[in-house]
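Readers should treat all values here as calculations from the given coordinates under stated rules, not as data from a laboratory. Just so it is clear, the model here is predicted, and its values are computed rather than measured. Glycine gets a Cβ as well: all are built from the backbone with ideal geometry, and neighbour counts include every protein chain shown.
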Amino acid sequence: MNDYDLLNITYPTVDHARTEMARMLEKHPTNYSLPQPLYNDPHMFRVDMEEIFQKEWLFVGMTSEVPARGDYFTVEIGQNPVLIVRGAEGEINAFHNTCRHRGSRICDDHRGKVANLVCPYHKWTYDLKGNLLFAGTEMGDAFDMKKHGLKKAHCKVGGGFIFISLAKDAPEDDFDTFLTNLDEYMEPYDVDNSKLAVESNMYEKANWKLVIENNRECYHCDGNHPELLNTLQEWDDTNDPRASQAFLDQYARQSAEWEAENIPHERRDAGHNRNRMVRMPLKEGTQVMTIDGEPGCNKLMGRIKNRELGSLRILHLPNSWNHMQSDHFIVFRVLPISAQETLVTTKWFVHKDAVEGQDYDIARLRKVWDATNEQDRILGEENQRGINSVGYEPGPYSETFEFGVVNFIDWYSNTVQTNLKK
Ligand code: FES
Ligand SMILES: [Fe+2]
């Protein structure tokens, strides 16, 4: 909690916040922005962390970030450090990154490679399955090594995406349907033969829900995102009431080409507003989301042959949106830091065999989304500042331009209310 957060304590305890949140969401119309405390109160934030980020499935990274045994990366879910590591049999494991001796973080680097997991404090050592292998000689005869393995987080993989859940019992609903859809839609990309080209980490002084709300509409794109609009068309799918005839004609032509090459494109939803994917054409004559729409990488991804694949957009609430194109793909991950601060991580992937400086140029690859992220950061921070005002009151979303935001608020409200009752 920072000083700024302290100014916004409306509810004296987390219990008060929990009761108030349930009451507010029950009567809240989902086509209106949320009441102020849901965007700025630190105790409300704590409830978000407990009911959403410590219970739901979260996107953390891609399988090709940990290609070989012992490769790992770390992530912080609020105050919960988590370690994602490739095990001996090629499986991906997620562990709470906290030692079973006295709790030290085990891996403090962002990413790396290990033979075993060794705690830096007193050198307790675990294998890649989390079993304790070595605890020094001082623990006494009664000490049971088997009872001191690393604690696991739930971990599932689909189409190269890695998801974790910190819940005691992972939410079941129809998450596996989404994973199956990801396998099918990501098959042309052959994620295991991709590599991380570059990543950015941006700290935005805004509540995590404002970051997602901003992403769920393109009402703000005109006038804010000139680089992005060189290639992106804002229609969400062919049923978008704003879609022009020219767009529909282009979609008919391109989707026939995609079908001929067995590239999945139709909209698929799974979970109540939680997960969706759809492939949409980019602007006529452009190929990928570079500044001029020309290729970002000489090598195409996986088995792809057609440079004009548009963008496969993949949404996973609460914390990810993605753009998969013909010669690179971009994944986005949102992690809350505090009531008014959020980390937005963007990662660009290319074919594993593409050579930097020869096949792709990092500055060129990242230019459009660096600019767009920075523009969105300012929009989100200004949104937060205005919401903090005594003059703020929830305002209406446009159901034509902001239906994605309505869907997100609807999912958030339902999920919190359901989880609060568990
Ligand atoms: S806290 Fe990890 S070895 Fe002591
Ligand atoms: Fe934006």
Express in nm, to one decimal, how much length is gained between N262 and T13 on full extension, taking 0.36 nm for each residue of separation and deducting their alpha carbon distance. 84.2 nm
Give K55/K113; K299/K352; K283/K347; K156/K209 a once-over and call out the pairs whose C-alpha atoms are over 20 Å from each other. K55/K113; K283/K347; K156/K209
Y32 long-range amide H proximity, modeled H, under 5 Å: Y397
What FRET efficiency, computed as 1/(1 + (r/R0)^6) with R0 = 45 Å and r the Cβ-Cβ distance, is obtained for L133 and S389, rounded to the nearest 0.05? 0.20
Please compute the length gained on full extension between H272 and E294, using 0.36 nm multiplied by the number of residues separating them and subtracting their Cα-Cα distance. 4.3 nm
Evaluate E = 1/(1 + (r/R0)^6) for D353 and K152, where r is the Cβ-Cβ distance and R0 equals 25 Å; express this FRET efficiency to the nearest 0.05. 0.15
Once amide H atoms are built 1.01 Å from N in the peptide plane, which residues 5 or more positions from A197, or in another chain, come under 5 Å H to H? W348, F349, V350
Quick check for you: which residues of the stretch 207-241 have the amide N under 19 Å from the point 7 Å beyond the Cα of E381 toward its beta carbon? 207-215, 224-226
Full extension between D141 and L248 adds, at 0.36 nm per residue less the Cα distance, a length in nm of 31.2 nm
Which Cys residues of the chain have no other Cys Cβ less than 4.7 Å away and so no disulfide-compatible partner by this rule? C107, C155, C297
Projecting each Cα onto the charge dipole of the chain (Lys/Arg +1, Asp/Glu -1 at the beta carbon, about the Cα centre), which of G380, G159, H225 comes out farthest on the positive side? G159
In the stretch 231-338, GluC sites (Glu not before Pro) in a DSSP loop with at most 14 other beta-carbon atoms within 10 Å: E261, E266, E284
What trypsin sites (Lys or Arg not before Pro) does the stretch 252-282 have in DSSP loop regions with at most 13 other beta carbons within 10 Å? none
Can you work out the FRET efficiency for the pair R303 and K195, with r the C-beta to C-beta distance and R0 = 22 Å, to the nearest 0.05? 0.85
With a cut-off of at most 12 other beta carbons within 10 Å, and DSSP calling the residue loop, which GluC sites (Glu not before Pro) in the stretch 321-422 qualify? Please list them. E399
Report the label-to-label distance for N230 and A22 in nanometres (one decimal), using points 7 Å from each Cα along the Cα→Cβ vector. 5.2
